[in-house]
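S.K.: Below is a structure I'd like to ask you about.
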Amino acid sequence: MASVEIENVDIAGNYFLAMIIIVGASALGIGFAFVLSQSLKKIKVRAVAVNERNGSSTLHEGSSLVNEAQKMEGSSSESTTMKLIEIHDAISRGANSFLWAEYKICFLFIVCFGALVFVLVGSAGNCGEARSSFEFSKVDPTDSTINPDLLQERLSGSCWSEGLFTTIAFVAGGITSIFSGYIGMKIAVYTNVRTAVCAQSGWTESFNSAFRGGAVMGFSLCALALSVLFVLITIFYWYLVDSQNLETNIESAYVYRVLFECIAGYGLGGSCIAMFGRVGGGIYTKAADVGADLVGKVEKDIPEDDPRNPATIADNVGDNVGDIAGMGADLFGSFAESTCAALVLASLSKELQANFSSLMYPLLISAAGIVVCFFTSFVATDWSPVRKEEDVEKVLKYQLVISTVLLTPVIFVISFMFLPDEFCVSNVACTSQTMSTWKGAFMCVASGLWSGLLIGLVTEYYTSHSYSPVREVAQSTKTGAATVIIYGLALGYVSTIIPVAALGLTIFVSYKLAFMYGVALAALGMLSSLSIGLTIDAYGPITDNAGGIAEMAGLGSGVRHITDTLDAAGNTTAAIGKGFAIGSAALVSLALFGAFVARIGETHVDIMNPLVFAFLLFGSMLPYWFSAMTMKSVGVAAMEMVVEVRKQFAQIPGLMEGTAKPNYERCVDIATQASLRQMVAPALLVILAPLLTGYLFGVHALSGLLAGGLCSGVQMAISASNTGGAWDNAKKYIESGAYGGKGSDCHKAAVVGDTVGDPLKDTSGPALNILMKLMAILSLVFADFFVSHSLARSMKT
């Protein structure tokens with residue numbers, strides 16, 4: 001470690017203890033994910049005959065599942081097993097085909113955009129040595145008191161080394177995001193057929209397999225994201241701090257700031273790949289889903305996931321590449337960006353720099369979350385498992401509540417151990433009244449943690465058919481599809497009130513306690529239970545696929561009842577996951593906005609400035625423009641799918657009668673090519689908007705753009721996600737027997753609502769998270785370039 005001291009405090013401090021916690025938590029997460037994956041491997045893919053049941057089965061004599069199992073003995077059981085394997089292989093091939101095509105584009109993007117990052121950051125020309133400022137300064141260079149005004153000074157000098165380090169971090173973030181999405185997709189595809197198989201044995205086995213599959217993704221992603229970021233910081237620290245002979249405190253402060261500004265490239269890489277994963281995967285899954293529903297359920301009146309439907313394999317593939325790989329990349333980006341924002345803002349504080357473990361406080365929060373979520377997961381699978389239908393939603397909800405309750409005292413201890421009694425994290429001089437404390441930092445994290453739980457519970461209330469809002473939407477089907485649409489839209493609008501109020505209160509409290517650093521900590525608090533959040537979010541698509549596989553393989557109505565119940569709860573957990581993602585995205589983008597403002601040397605943004613206000617309005621419009629592009633993209637891709645499905649029903653003799661097989665591969669190929677084509681324009685909009693604004697109009701215009709995009713984007717995202725989720729579960733409520741059940745007029749009206757809601761909840765709504773975060777992290781990374789080279793600055797001079 002470097003021997004630099006600030007106010008006689010060795011910066012090594014509790015570094016080794018912090019390192020043990022971070023590395024240990026990462027190892028625990030990866031190891032636990034590996035153990036769970038091995039337990040899933042023990043589940044054999046086969047149709048279970050009644051004489052093969054073991055003593056631990058939850059089947060009972062005389063039950064519908066036993067009756068169905070008796071029908072599958074002998075050759076029938078063997079043929080059903082072959083169907084299961086065939087369906088699983090088809091879904092796996094389709095998912096691999098799409099991700100391989102998408103990731104080729106992503107790798108090309110990483111190379112090209114990485115070069116742009118290197119050039120733009122490297123050409124800023126304001127990265128001179130910090131010690132140069134003392135030639136014209138009256139400040140004693142050995143004084144331990146850092147003048148904030150000096151820290152804001154940008155000196156002329158080469159930035160190419162900063163450009164290189166930022167590019168390295170960008171590439172690392174992009175590759176980690178790709179790997180995270182790929183892991184999630186592989187384990188989901190591996191688990192879904194096993195969940196269907198376990199549904200033959202009862203509730204506990206089926207739920208546990210789906211939950212453990214989701215946990216593999218949740219824990220591996222969080223541990224991987226944390227470990228890669230820590231390795232990057234360690235390498236950069238060694239080069240920029242340890243290997244330098246830093247003679248003064250101000251030199252050390254300057255280098256710390258450069259270090260974490262370079263680390264911000266990690267968040268940029270993750271967010272860029274998340275854009276492709278969310279938009280491309282979202283278009284894929286909804287194009288297949290809408291195409292399958294419109295022709296299959298509406299026109300041909302056949303059940304969902306019927307094997308006669310040519311689009312059903314593409315529909316199941318879409319659940320994995322969109323809801324699993326896309327969501328994983330999205331939340332990885334949130335973790336990376338919130339941590340990077342907190343680190344950049346922490347670099348403003350001489351008190352936090354006095355002990356490197358204090359700078360690592362954001363990573364310690366995430367490490368604590370992995371450990372707490374590890375113990376919480378056993379509640380669902382071992383200590384209080386699902387034994388009957390009524391347990392499913394309750395067990396999943398308890399995961400959120402228990403992890404939040406347990407994390408609160410753990411974060412308190414972490415804050416006490418690793419933060420100084422008082423510290424200043426503002427880019428202006430603090431007074432005794434404005435100094436932050438470790439207790440204040442704990443309150444920031446806790447406010448984010450508990451507001452996340454509140455958002456999750458509110459989302460459950462508005463999207464679960466266990467509560468009145470969704471049942472009102474289901475009741476509206478009595479008068480047709482039009483009233484379903486009206487009720488669903490109204491539900492989405494009103495569902496924004498409590499989440500936005502919770503976010504506003506969290507932001508107010510956090511800023512009062514620790515300025516923008518507090519907002520970044522609140523975002524990390526909301527994401528601290530990400531391991532469990534991702535687990536229950538991935539659980540949803542796994543059970544959805546399991547139901548489709550059970551239907552296609554003909555496992556029977558009893559098995560389908562279990563998978564449908566698990567799926568209905570999964571729809572709610574998916575909506576809760578989207579609520580967490582949207583809430584954290586709002587806090588993350590605001591924290592990044594704060595880091596951007598600090599990096600350009602400002603203390604506030606004046607919205608009465610006409611340029612700022614003009615771009616505030618323009619930024620507020622961008623989520624609408626972006627949503628229009630993604631919604632239309634789904635429509636275009638869905639039209640191609642509908643044409644193909646209709647064509648196969650018309651041209652393949654015996655398809656409707658079940659004596660001929662559809663061409664599943666053709667529908668998979670259409671969804672793949674259409675989604676890859678259609679994702680380019682929305683991605684370019686999000687990337688180019690801040691780059692062109694910053695270069696053409698300057699950093700103040702860009703500040704307005706970011707604020708506007710955040711304010712309208714968060715409310716649009718919540719409304720779209722909850723509206724779609726409510727329509728989906730209203731349909732499932734009717735399918736459970738309400739209002740005439742499947743095939744009734746009410747069911748047909750609900751299917752229309754669900755079809756309209758699909759792109760809202762799975763494409764446009766979730767992708768708005770990326771719009772908010774990606775514009776902010778782009779602005780932060782390229783802030784120096786905009787300050788030095790914007791045309792607005794050139795015209796003034």
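The values are calculated or read from the model by the stated rules, or taken from the named source; none is laboratory data. Bear in mind that the values here come from a model prediction, so they are computed numbers and not experimental data. For neighbour counting, all protein chains shown are included, and Cβ atoms are generated from backbone atoms with ideal geometry for every residue, glycine included. For accessibility, only protein heavy atoms count, side chains too; no ligands or nucleic acids. Shrake-Rupley method; radii C 1.70, N 1.55, O 1.52, S 1.80 Å.
S.K.: How much accessible surface area, in Å² rounded to 10, belongs to the heavy atoms of THR81 with a 1.4 Å probe?
M.R.: Rounded to the nearest 10, the figure is 20 Å².
S.K.: Sequence neighbours fewer than 8 away in the same chain don't count; with that in mind, list the lysines whose C-alpha is under 16 Å from LYS748.
M.R.: Straight-line reach from LYS748, under 16 Å: LYS297, LYS300, LYS478, LYS731, LYS732.
S.K.: Let me ask something additional. Identify the residues of the range 580-620 with backbone N under 19 Å of a label point that sits 7 angstrom from the Cα of LEU696 along the Cα-to-Cβ direction, or state none.
M.R.: 610-620
S.K.: What's the Kirkwood radius of the range 318-376 in Å, using all Cα pairs?
M.R.: 13.3
S.K.: Principal axis lengths of the range 591-686 from Cα atoms, whole Å, largest first?
M.R.: Cα spread of the range 591-686 along its principal axes, largest to smallest: 71, 22, 18 Å.
S.K.: Heads up, I need the accessible area for ARG677: 1.4 angstrom probe, whole protein in place, Å², nearest 10.
M.R.: 130
S.K.: Can you give the Rg to Rh ratio for the range 262-340, taking only C-alpha atoms and Rh from Kirkwood?
M.R.: 1.22
S.K.: Could you give me the percent of Cα pairs per 5 Å distance bin for the range 614-662, shortest bin first, beginning at zero and ending with the bin that holds the maximum distance?
M.R.: The percentages, shortest bin first, are 5, 18, 14, 11, 10, 9, 8, 7, 6, 5, 4, 2, 1.
S.K.: Explain nothing, just the number: dipole magnitude of the chain about its Cα centre with +1 on each Lys and Arg Cβ and -1 on each Asp and Glu Cβ, in debye rounded to the nearest 20.
M.R.: With Lys and Arg at +1 and Asp and Glu at -1, about 960 debye.
S.K.: Let me ask another. Can you find, among PHE378, VAL484, LEU774, the residue farthest towards the positive end of the dipole of the chain? Put +1 on the C-beta of Lys and Arg, -1 on that of Asp and Glu.
M.R.: So the residue furthest toward the plus end is VAL484.
S.K.: If amide hydrogens are placed 1.01 Å from N in the peptide plane, which non-local residues have theirs closer than 5 Å to the one on LEU655?
M.R.: For LEU655, whose amide H was placed from the backbone, the distant partners under 5 Å are ALA660.
S.K.: Now, a different point. If you bin every alpha carbon distance in the range 517-675 into 5 Å steps from zero, what whole percent lands in each bin?
M.R.: 2, 7, 9, 10, 12, 15, 12, 9, 8, 6, 5, 3, 2, 1, 0
S.K.: Still on this model: How are the alpha carbon pair distances in the range 514-558 distributed across 5 Å bins from zero to the largest one, expressed in percent?
M.R.: Calculated over all Cα pairs of the range 514-558, the distribution is 6, 18, 14, 12, 11, 10, 8, 7, 6, 4, 3, 1 percent.
S.K.: Moving on to the next point. Roughly how far apart, in whole Å, are the Cα centres of the range 502-567 and the range 648-727?
M.R.: First find each Cα centre; the distance between them is then 20 Å.
S.K.: Also, I was wondering about something else. Quick query: amide H of SER495 versus all other amide H atoms, modeled in the peptide plane; which residues come in under 5 Å with a sequence gap of 5 or more or a different chain?
M.R.: Amide H to amide H, under 5 Å and 5 or more residues apart or across chains, SER495 pairs with nothing.
S.K.: Where Rh is the Kirkwood radius over the Cα pairs of the range 281-423, the temperature 10 °C and the viscosity 1.306 mPa s, what D in µm²/s does Stokes-Einstein return?
M.R.: In µm²/s, the coefficient is 83.
S.K.: Where in the chain are the DSSP H helices whose C-alpha atoms run 30 Å or more along the long axis and whose mean Kyte hydropathy is at least 0.0?
M.R.: 15-41, 75-122, 160-198, 203-237, 249-292, 391-418, 438-463, 530-553, 557-599, 610-651, 699-735
S.K.: At 1.002 mPa s and 20 °C, plugging the Kirkwood radius over alpha-carbon pairs of the range 567-635 into Stokes-Einstein gives what diffusion coefficient in µm²/s?
M.R.: Answer from the Stokes-Einstein relation: 142 µm²/s.
S.K.: While we're on this one: Would you calculate the volume per residue, in Å³, of the smallest convex hull containing every Cα atom of the range 645-797?
M.R.: In the range 645-797, the Cα hull volume divided by residue count equals 145 Å³.
S.K.: Ok, one more. What accessible area per residue comes out for the chain, rounded to a whole number of Å², with a 1.4 Å probe?
M.R.: For the chain, the per-residue accessible area is 34 Å².
S.K.: Give the dimensionless ratio obtained when the Cα radius of gyration of the range 452-499 is divided by 2.2 N^0.38 Å.
M.R.: 1.18
S.K.: In addition: Report the Cα centroid-to-centroid distance between the range 378-409 and the range 414-453 in angstrom, as an integer.
M.R.: If you average the Cα positions of each part, the centres end up 31 Å apart.
S.K.: Moving on. Using amide H atoms built 1.01 Å from N in the peptide plane, name the residues 5+ places from GLU422, or on other chains, whose amide H lies under 5 Å from its own.
M.R.: none
S.K.: For the range 358-433, compute the orientation-averaged projected area of the C-alpha convex hull (one quarter of its surface), in nm².
M.R.: 7.0
S.K.: OK, next. How big is the dipole moment of the range 329-455 about its Cα centre under a simple scheme where the beta carbon of each Lys and Arg is +1, that of each Asp and Glu is -1, and everything else is neutral? Debye, nearest 20, please.
M.R.: Dipole of the range 329-455, to the nearest 20 debye: 140 debye.
S.K.: Express the carbon and sulfur contribution to the solvent-accessible surface of the chain as a percent, rounded to the nearest whole number, probe 1.4 angstrom.
M.R.: 63
S.K.: While we're looking at this one, here's another question. Rg to Rh ratio, the range 221-360, alpha-carbon atoms and Kirkwood radius?
M.R.: Across the range 221-360, the Cα-based Rg/Rh ratio is 1.28.
S.K.: According to the Kirkwood expression over distinct Cα-Cα pairs, how big is the hydrodynamic radius of the chain, in Å?
M.R.: In the chain this quantity evaluates to 26.6 Å.
S.K.: Would you work out which of LEU590, VAL344, ALA329 lies farthest towards the positive end of the dipole of the chain, given +1 charges on the beta-carbon of Lys and Arg and -1 on that of Asp and Glu, about the Cα centre?
M.R.: Result: ALA329.
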